[in-house]
Amino acid sequence: MSTEAGSLEDRIARIEAGAAIIELLTEYTILVDNYDIDGVAALFTDDCITDYGPGRGGLVIGRDNVRDRIRRGQSEFRLTHHQHGQMRITLSDNSTAEVLSYLTAWHERWNGSRERVYLRYLDRLTETDGGWRIAERKVVAAGVEGFEGVEWVWVARQVPPERAAGQPTASATARATSRRRPTS
């Protein structure tokens with residue numbers, strides 16, 4: 001979490017906000033794995049905007065539509081395991097935060113086949129009367145195992161100069177939406 005100088009009360013408020021945000025994102029993974037779709041939807045604002053990528057529903061606006069998209073997507077799986085990793089929380093003020101978090105998710109389809117994704121969640125959270133909620137979420141993929149035929153938006157990664165000849169630029173790589181990661 002980014003730090004700023006301020007009064008003791010301000011610093012405590014920022015620490016408490018960071019802890020509440022981590023709790024919210026942890027709750028998200030637990031609820032998804034339990035297939036508690038209404039519980040997952042309750043973690044988003046009424047007017048939220050999400051984009052899990054073109055192959056997983058694309059741009060979706062509003063909590064009810066997000067609920068439906070998550071229900072459709074998660075119903076494909078008999079079991080899932082979502083694991084949040086490192087998070088960078090940047091509080092713009094005491095009621096808005098930008099969060100970059102890493103997520104690894106394992107999925108078992110109803111036919112027994114298994115797939116895994118390595119994702120980054122790019123979130124904007126806002127504090128509401130009901131606590132912190134996800135107002136915006138964009139998902140970019142760093143790696144995908146399985147999910148044949150699904151299009152993804154990829155993490156932009158710079159190409160080392162010694163490998164740059166003939167390779168796409170980082171911005172072109174970020175725009176790529178083929179299932180496999182571009183060779184950069």
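Since every read-out is calculated from the coordinates, none of them should be taken as a lab result. Note that the structure is predicted; figures quoted are calculated from it, not measured. As a convention, Cβ positions derive from the backbone with ideal geometry for all residues, glycine included, and neighbour counts pool all protein chains shown.
Here the simple spin-label model places points 7 Å from the Cα toward Cβ, and for Thr128 and Glu23 these points are separated by 1.7 nm. Once the mean of 1/r is taken over each pair of separate Cα atoms and inverted, the range 8-153 shows a Kirkwood hydrodynamic radius of 15.7 Å. Placing a label point 7 Å from the Cα of Tyr35 along the Cα-to-Cβ direction, the residues of the range 59-89 whose backbone N falls under 16 Å from that point are 68-82. A protection proxy built from the mean count of other Cβ atoms within 10 Å ranks the segments 43-55, 146-158, most packed first, as 43-55, 146-158.
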